[in-house]
Amino acid sequence: MDLANGHVGYNDAPWGLTSISEAQFWRRPLTTYGDGAVQDVLSAIISEWEEPGTFNRKTAKQCTPEEIARETWAQIKAHVNDDGEIQLADDMLHSWMIDPALTDAGTPEIAYDDAIFIQNPGSWSDRPDAATAIDNLFLAGDWIKTGMNVACMEGANEGGRLAANAVLHASGSSAGLATVTPRYTMPLWEPLKLIDRELYKAGQPNMFDLIDRRYPIR
């Protein structure tokens, strides 16, 4: 199930789905675990819980765990199979599980105890650096000020490296610093970003917002 070497975003999925195939990061084949039937793990994230699903017409908040799994799988299949080439089929699905931090799914008491941090516009000045005013207090994570500036494992990795370097500096160590690679910015996008900034200031939509992202759902 080699969909991509990295994250996949399903732009037409009303539940705002993203996923990543896990086997590419394991040193041992997943078939060496258990009974050998599992060949890969497709980890999926639902970002939109208020929009009706494509197939069951329910929001994720209204769904039972079984319904969440079935609708998520159906939306992913619809995306990757839309060109006629079947990349995912039902006979490939071995089993599924939902993060145990999600509780009371399908009831009004649905809750999630492991919320993800997402940077809001204007939050940069409120976020801390890896080094703090307290000599022996250092911070790491994707929520501190990093060049990646987005909630992801790459940002968390960079935050850890910044914290390690802050520890080395504070301790006076002569050890080599952890490498922090600057984020690459594609020059091609810079003019478009400038245009978008001016449109935003003028209260206008992004120039690529040609249709409602939920089309043809609504």
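The values are calculated or read from the model by the stated rules, or taken from the named source; none is laboratory data. Please read these numbers as outputs of a predicted model, since none were measured by experiment. Cβ sites come from the backbone with ideal geometry, for glycine too, and all protein chains shown count toward neighbours. Ligands, DNA and RNA are excluded from the accessible area calculation, which covers all protein heavy atoms including side chains. Shrake-Rupley method; radii C 1.70, N 1.55, O 1.52, S 1.80 Å.
Residues in segment 110-140 that are farther than 15 Å from ASN165 by Cβ, touching a helix residue (DSSP H, G or I) at 6+ places or on another chain (Cβ under 7 Å) and either among the polar types (S, T, N, Q) or open to solvent by less than 70 Å² (accessible area, probe 1.4 Å) (or both): 1 in all. For segment 87-137, a tally of residues being outside any loop (DSSP other than H, G, I, E, B), aliphatic (A, V, I, L, M) and within 23 Å of GLU22 (Cβ to Cβ) returns 2. Listed by first and then second residue, the pairs linking a residue in segment 4-18 that is more than 16 Å from ASP82 (Cα to Cα) and touching a residue at least 60 places away in the same chain (Cβ under 8 Å) to a residue that is of a type in the set (D, E, K, R) and assigned to a loop (DSSP other than H, G, I, E, B), with Cβ atoms under 8 Å apart and 6 or more places separating them unless they lie on different chains, are TRP15/GLU48; TRP15/GLU51.
Determine whether ALA74 is aliphatic (A, V, I, L, M), part of a loop (DSSP other than H, G, I, E, B) and either surrounded by 14 or more Cβ atoms within 10 Å (Cβ to Cβ) or out of contact with any Leu (no Cβ under 7 Å at 6 or more places or on another chain) (or both). The answer is no for ALA74.
Out of segment 2-41, which residues are farther than 30 Å from ARG57 by Cα, in contact with a helix residue (DSSP H, G or I) (Cβ under 8 Å, 6 or more places away or on another chain) and surrounded by 11 or more Cβ atoms within 10 Å (Cβ to Cβ)? Residues satisfying the conditions are ALA23, PRO29, LEU30, VAL38, GLN39. Among residues belonging to segment 175-201 that are open to solvent by less than 90 Å² (accessible area, probe 1.4 Å) and of a type in the set (D, E, K, R), point out the one that is farthest from MET148 (Cα to Cα). By that ranking, first place goes to ASP196. Do we have TRP143 as touching a Phe, Trp or Tyr at 6+ places or on another chain (Cβ under 7 Å) and open to solvent by 90 Å² or more (accessible area, probe 1.4 Å) here? When the stated conditions are applied, TRP143 passes them.
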